[in-house]
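Worksheet: one structure, shown below.
The values are calculated or read from the model by the stated rules, or taken from the named source; none is laboratory data. Keep in mind that what you see is a predicted model, and the values were worked out from it rather than measured. Cβ sites come from the backbone with ideal geometry, for glycine too, and all protein chains shown count toward neighbours. Accessible surface areas use protein heavy atoms only, side chains included; no ligands, DNA or RNA. Shrake-Rupley method; radii C 1.70, N 1.55, O 1.52, S 1.80 Å.
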Amino acid sequence: MFVLVVVAYVIGTFPSAILIARANGVDISTFGSGNPGASNVTRALGWRKGIWVYVLDAGKGALAAGLGLALDGRPAAYWCAAAAIVGHMFPVFRHFKGGKGVATGSGALLVVQPILAPIAVGIWWIVTKLTGKAALGSVIAVAFVPIGIIVMDQPRWELVAVAGVCALILLKHTSNIKRMIRREEHSLSHN
């Protein structure tokens with residue numbers, strides 16, 4: 001299990017946003033929010049590039065959770081999912097400065113909760129489309145996930161695991177929440 005978790009963490013550190021932005025002549029750490037994630041790449045380079053980053057980041061979470069599930073069952077899937085998300089958010093190879101974990105988390109969620117994941121992504125899409133604020137969509141979608149686990153009557157340990165990861169992702173959005181309160185949050189529109 002320990003080796004699986006370490007592998008999952010390393011998978012999570014793959015810098016999708018940085019590589020795609022760099023390939024298109026942009027240093028994503030100096031653009032917009034500076035966050036190496038799908039939303040900031042969308043602002044910098046448009047929807048197509050942003051979707052690529054989303055797919056790659058979600059793929060990291062799905063791959064890690066899938067490895068855990070295949071090799072050691074559901075608890076390992078959750079441990080590996082969490083490790084990949086932490087790897088994305090706090091990558092050791094980039095001084096622990098990473099993304100916010102939403103895309104990676106959605107990919108992991110697709111493996112461990114395949115019914116809930118599309119609903120959460122749908123909530124993100126609707127809120128983001130209506131408000132133009134990806135961070136608001138992320139916060140609402142992430143806050144919904146533990147509620148979904150409760151409604152679906154999943155085991156308590158799964159609720160605790162999901163709630164812990166969601167709390168970490170929301171904590172990583174503290175600066176976004178403060179900007180939203182001040183009405184200064186960046187729009188998702190391509191600049």
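Numbers for the structure displayed
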read-out	value
Cα gyration tensor shape for the range 83-167, rounded if a/c is under 1.5, else prolate or oblate	oblate
Part-to-part distance (alpha-carbon centres) for the range 84-159 and the range 58-77, which is given in Å	16
Sparse-neighbourhood loop sites, trypsin sites (Lys or Arg not before Pro) in the range 1-53 - DSSP loop, at most 14 other Cβ within 10 angstrom	none
Helical segments meeting 18 Å axial Cα length and Kyte-Doolittle 0.0 threshold in the chain (DSSP H)	47-72, 74-89, 116-131, 134-151, 156-172
Computed [θ] at 222 nm, helices only, for the chain once each DSSP H run of length n ≥ 4 contributes -39500 (n - 2.57)	-23500 deg cm²/dmol
Packing rank of 141-150, 61-70, 77-86, where each peptide gets the mean count of other beta carbons within 10 Å, highest leading	77-86, 61-70, 141-150
Overall form of the range 31-139 per C-alpha gyration tensor (a/c, 1.5; a/b vs b/c)	oblate
Computed label-point distance, nm, for sites Asp72 and Ala23 using a 7 Å Cα→Cβ extension	3.2
Heavy-atom accessible area per residue - the range 95-191, 1.4 Å, Å²	54
Highest to lowest packing among 125-137, 94-106, scored as the average C-beta count within 10 Å	94-106, 125-137
Rounded percent of accessible protein surface that carbon and sulfur make up, the chain, 1.4 Å probe	71
